[in-house]
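Reading through the structure tokens given below for one structure.
The values are calculated or read from the model by the stated rules, or taken from the named source; none is laboratory data. Because the structure is a prediction, the values reported are computed rather than measured. A quick note on method: Cβ atoms are made from the backbone with ideal geometry, for glycine too, and the neighbour counts reach across all protein chains shown. Just so you know, the surface numbers come from the protein's heavy atoms only, side chains and all, with ligands and any DNA or RNA stripped out. Shrake-Rupley method; radii C 1.70, N 1.55, O 1.52, S 1.80 Å.
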Amino acid sequence: MSKIVAEIKGVIFLGGGRTYHAEYDIAVTHNDEQWSILRRFREFNKLYQHLATRAGGEEALAVKG
């Protein structure tokens, strides 16, 4: 099984007034490939919940930090 590593590189604050929000800059590495993505926390939380459900519960996911 190959390893996937995700690292939070930083946070960017966007918008103004009611649309003000933070987006997280995440670097994902798999084998020799690397991607960088910007997403809101709620999008990562939704993904985490989906993966935890498919994996059999939050205990099944290995999350550092």
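Points to keep in mind about this one:
- Of all the listed residues (A27, A52), the sole one being on the phi < 0 side of the Ramachandran plot and in a strand (DSSP E or B) is A27.
- Within the range 24-36, residues that are open to solvent by less than 70 Å² (accessible area, probe 1.4 Å) reach partners that are of a type outside the set (A, V, I, L, M) with beta carbons closer than 6 Å, at six or more positions or on different chains, in the pairs D25/K9; D25/G10; A27/E7; A27/K9; A27/S36; V28/W35.
- Residues in the range 37-50 that are loosely packed, with under 13 Cβ neighbours inside 10 Å and of a type outside the set (D, E, K, R): F41, N45, L47, Q49, H50.
- Within the range 1-23, tally of residues that are without any contact (Cβ under 8 Å) to a residue 12 or more places away in the chain and either open to solvent by less than 100 Å² (accessible area, probe 1.4 Å) or farther than 18 Å from L51 by Cβ (or both): 8
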